[in-house]
1. Only one residue in B:70, B:44, B:36 is at pLDDT below 95 and either buried (at least 20 other Cβ atoms within 10 Å of the Cβ) or within 14 Å of chain C (Cβ to nearest Cβ) (or both). Which one?
2. If a residue must be more than 16 Å from residue B:22 (Cα to Cα) and at the interface with another protein chain (Cβ under 7 Å from one of its Cβ atoms), how many such residues does region B:53-67 contain?
3. Out of all the residues in region C:177-191, is one or more in contact with a strand residue (DSSP E or B) (Cβ under 7 Å, 6 or more places away or on another chain), under 28 Å from residue A:123 (Cα atoms) and buried (at least 20 other Cβ atoms within 10 Å of the Cβ)?
4. Restricting to region B:84-106, name every residue that is part of a helix (DSSP H, G or I), loosely packed, with under 12 Cβ neighbours inside 10 Å and touching a strand residue (DSSP E or B) at 6+ places or on another chain (Cβ under 7 Å).
5. Filter the helices (runs of 4 or more DSSP H) completely within region C:147-259 down to those with at least 1 residues that are under 15 Å from the mean Cα position of the chain (by Cα).
6. What residue, of A:32, A:37, is modelled with pLDDT under 95 and under 21 Å from residue B:68 (Cα atoms)?
7. May I ask you to list the residues in region B:1-18 that are crowded, with 16+ Cβ neighbours inside 10 Å, under 21 Å from residue A:118 (Cβ atoms) and either within 11 Å of chain A (Cβ to nearest Cβ) or in contact (Cβ under 8 Å) with a residue 60 or more places away in the chain (or both)?
8. When you scan region A:120-136, do you find a residue that is away from chain B (no Cβ under 14 Å), surrounded by fewer than 19 Cβ atoms within 10 Å (Cβ to Cβ) and modelled with pLDDT of 95 or more, even just one?
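The values are calculated or read from the model by the stated rules, or taken from the named source; none is laboratory data. Since this is a predicted model, take the numbers as computed values, not measurements. Counting neighbours? That spans all protein chains shown, and the Cβs are built from the backbone with ideal geometry, glycine included.
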């Protein structure tokens, strides 16, 4: 799962080139002002899905925009797909921007799923962007992203 | 074995899409936290989850440290025939847990 | 520690022992912290198949039927089906223990059964087993209104009340200043609840585990930058008694989920 080499300059350049190739609609993956965390997430995305372009669309990422505690954040992903034997969602990947590690989960589906609808609970260290990427049977990749604000309760243990 | 809670409808019509909810007790220690004495608490997470339906894999997942403790995963499947669903979780330090559920499909 | 408690007790006896207090939230305005939570956190509590607290409840159910100690007895051997025998119990705890002539909380009651009836060793505070059994027993009161019969415990109730109103710690804050006077307002991004222990033991998202009211009270005191009492200190039971009495009428929600 984790690349032994870490993120090399080569990886970042390759990623940038691939992004430029599919640049028309892949706006969400261009580096924002705070480039360092977004690069770790982009590199993780490239490690998981390879060089193919990612387009926003088809994916609905449902996360509350403001959460009371980052330890347990409910997160649902629904992908618009007929889920037939020839047209289905192969996998759903979730990434985060600011945790120490950018991968969250990869879920493998298939035509037997009937519906590309999954939900889980994730941990977020800080206010950040979450990206969900769906891999379809035709080799295309689609994505959605949301910014989540993390608050913290008062009166903790330490 | 770690306590797990599975929710599968006991009965379904053939071809019906059913929701399956799974919850398992696990601390999901990230490996990024420090103890009171300044030592890194080693990672201890579930890394893999799989569900089979009468022996055929219908769902699987690779989990990372960013998954919340007591992992909760829900997914869907088409009720094709009566039988057994098997759920397995594996992870760090040889962690292994499994549960089964039966479904009657009319 | 004990002498400080006795001092408080003496002070309470010397003063007028009264049940009502002017600073209290009127009954019509009493609200559980459930109402302040987000839609998603409420959903986590409402669905037993998704509530992480259920994992402990299931463990508690298993423990209920497990023989233990030199007496080789399970809870079930004396108490039968918990769904009948434990109905309403958690809603009236802390309760007066005639043998000890003081209130005890549910965890202490379970450990008394462990040591005196089952002749087994007591469960440690905050241990998985004690939390599981307490959650299982308290679940049997879910939906029932909290109802503390305070008649034999008035002095202890007064101690609890005075602890709740006592300014303490580096911030010189009392529980009452936040939870009686400023509930509903926001502190550090989260809403201040009224502080009713309606769902204990509960799954706190911050702990990522089930925990007891004592654990939560310790969090409160550390948050206030005050020195927390030791686990099992009589101050906690007095505070728990006062808090449960103050929450009278609200329903038990165990196992609750809270941020």
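1. B:36
2. So the first thing to find is which residues in region B:53-67 are more than 16 Å from residue B:22 (Cα to Cα), and the list is B:54-56, B:64-66.
Applying the additional criterion that residues be at the interface with another protein chain (Cβ under 7 Å from one of its Cβ atoms) yields B:64-66.
The number of residues fulfilling the criteria is 3.
3. no
4. Within region B:84-106, B:93 is the sole residue that qualifies.
5. C:154-165, C:213-223, C:234-246
6. Just a single option satisfies the conditions, and that option is A:37.
7. B:4, B:6, B:8, B:12, B:18
8. The answer is yes; a qualifying residue exists.
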